[in-house]
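Asks: The following block contains the structure, expressed as structure tokens.
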Amino acid sequence: MPELHSFTDSKPSAKKKKSVKLELVQEEPYYEVIKPEESETLDYASLTPKAQPGEAGLFKSVQYHIDVELKQHSGLDKVYQKTDFDRTKPLYVYTPIEKVALVRHVLEDKKINYVLNDYSLTTAEARGKTICHYYIRTLNVAHREFLVKKLKYGARILSLVEAIEERFKYTEVRLLNSDFYIHSKQFSVLRHKHHTIPKRMVDLLFVLLLAPIAIPVGLITALLIKLESRGPVFFTQERTGLYNQLYTVIKFRSMAADAEKSGAQWATKNDMRVTRIGKIIRKTRIDELPQLINVLKGEMSMVGPRPEREVFIDQLEQEIPYYRFRHAVRPGVTGYAQVCYPYGASVEDAIWKHRYDMFYVKHQSLWLDLKVLGKTVTTVLFGKGT
């Protein structure tokens, strides 16, 4: 069990403290239990999330699980607000008290004005407002009925995750939980599969359209690689694909043949293992052209999350909750994360890219695929992304 930390930095009081029962949620192993020093005087407005860091010292995730005995001493109807980030209207959010610190941490980190758990909001005031909820299943009946009433009289009700997606066009992974994946409105595209056949048709169409260009460019690239350095023209490697099935990805070799003689390692932006020709074909994405064979075989799609190696996935899923859910779709030659986030070679970069990957998995459509393919053209021209 992880070490227990305090919510506050205040020194312990000399008087006897009331004992608080703590419970670790075993089904969510990325979370740490936080122990308050003085439950009767606990001020939730001053809480700061304590994260359990991974080996790289990066943020994993946080969960506050406090039992009923503590809740009854903590002011269930207390309102929290912060409206000094900018002049935009505050976001109204309703969440159980044990999630208050996490929600405030995320909103303030993103500089979003908010009013939290204001149950005095009238029907007239709520009309036309966007009202968000987080962990609605653990709100009490009266508070859930409060939200239903506001919905009936003109308020727009949606989850906090969806509100952040609308504003930033990515999914905030710190708020992910099992509800996010199971909820009836989440990931309907994966359940109904109505997008699968049209997407496959688009993949095959792009392979046919790119083939007349890819073949001559590929032959020239193969010749230049062979002239510059010893070793094979193609680089093959096992990657994790749809539903965590392994497949062999094919790319033009852009590094020295013995690039991983010391074992698997992250590729970096100015990696010394990259050859002179390799720098050119990586910047222009020519090294990705052989992956059209993977697309033709049905192992990849033109657009999807970047295919990753199992050795790195094992590391990343210790840092990023639900990381393997990106494999609910086929990996892509290009992807939403690649065109939205610059070159990355660290766990922190992987966390950011996972935000975009989760957004794509949830919102994938032919229109989004075409937008990503269009952005890929500009990414190649200006040498950005990865």
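What follows is calculated from the coordinates using simple rules that are stated; it is not laboratory data. Quick caveat, the model's predicted, so the values are computed rather than measured. All Cβ positions, even for glycine, are placed from backbone atoms using ideal geometry, and neighbour counts span all protein chains on display.
Asks: Fully extended, how many nm does the chain gain between Val377 and Leu204 (0.36 nm per residue separation, minus their Cα-Cα distance)? Don't jump to the answer; show the numbers that get you there.
Replies: Working: separation 173, 0.36 × 173 = 62.28 nm, distance 1.84 nm.
Between Val377 and Leu204, full extension yields an extra 60.4 nm.
Asks: Amide H neighbours of Glu308 under 5 Å, at least 5 residues apart or on other chains, H built in the peptide plane: list them.
Replies: Here the answer is Thr240, since their amide H atoms fall under 5 Å of that of Glu308.
Asks: Nearest 0.05, what FRET efficiency do Lys149 and Leu366 give at R0 = 22 Å with Cβ-Cβ as r? Display every interim value, and only then the final one.
Replies: Details: r = 39 Å, r/R0 = 1.75.
Step by step, r from the Cβ atoms, then E = 0.05.
Asks: Starting from the amide H of Met255, placed 1.01 Å from N in the peptide plane, find each other amide H under 5 Å away whose residue is 5 or more places distant or on another chain.
Replies: Amide H neighbours of Met255, under 5 Å, 5+ apart: Thr275.
Asks: Which ³J(HN,Hα) values in Hz, rounded to whole numbers, follow from the phi angles of region 204-220 under the Karplus curve 6.51 cos²θ - 1.76 cosθ + 1.60, where θ = phi - 60° and Gly and Pro get x?
Replies: Per-residue couplings from phi come out as 5, 4, 5, 4, 5, 5, 7, 4, x, 8, 5, 5, x, 5, x, 5, 5 Hz.
Asks: If you don't mind, there's one more thing I want to ask. If packing is taken as the average number of other Cβ atoms within 10 Å across a peptide's residues, how do 296-309, 144-157, 341-354 rank, most packed first?
Replies: Values: 296-309: 20.9, 144-157: 14.4, 341-354: 18.0.
My ranking of the peptides, most packed first, is 296-309, 341-354, 144-157.
Asks: Can you compute the charge dipole magnitude of region 84-186 about its Cα centre, using +1 on each Lys and Arg Cβ and -1 on each Asp and Glu Cβ, nothing else charged? Give it in debye, rounded to the nearest 20. Present the calculation step by step, with values, prior to reporting the outcome.
Replies: Working: 18 positive and 13 negative charges, 69 e Å.
For this selection, approximately 320 debye.
Asks: Using θ = phi - 60° and the Karplus form 6.51 cos²θ - 1.76 cosθ + 1.60, what ³J(HN,Hα) does each residue of region 145-153 get, whole Hz, x for Gly and Pro?
Replies: Those phi angles translate into 5, 4, 5, 4, 5, 5, 5, 5, 10 Hz.
Asks: Which links in Lys283/Lys371; Lys110/Lys169; Lys199/Lys251; Lys99/Lys152; Lys149/Lys362 stretch past 18 Å when you go from one Cα to the other? Spell out each step's value before the answer.
Replies: Details: Lys283/Lys371 20 Å; Lys110/Lys169 13 Å; Lys199/Lys251 23 Å; Lys99/Lys152 26 Å; Lys149/Lys362 28 Å.
Over 18 Å apart, Cα to Cα: Lys283/Lys371; Lys199/Lys251; Lys99/Lys152; Lys149/Lys362.
Asks: Okay, moving on. Starting at the first residue of region 118-128, write each ³J(HN,Hα) from the Karplus equation 6.51 cos²θ - 1.76 cosθ + 1.60 with θ = phi - 60°, in whole Hz, x for Gly and Pro.
Replies: Ordered by residue, 3J(HN,Hα) equals 8, 7, 8, 4, 7, 4, 5, 5, 7, 4, x Hz.
Asks: Hey, another quick one. Amide H neighbours of His133 under 5 Å, at least 5 residues apart or on other chains, H built in the peptide plane: list them.
Replies: The list, which skips near neighbours in sequence, is Tyr94, Leu158, Ser159, Leu160.
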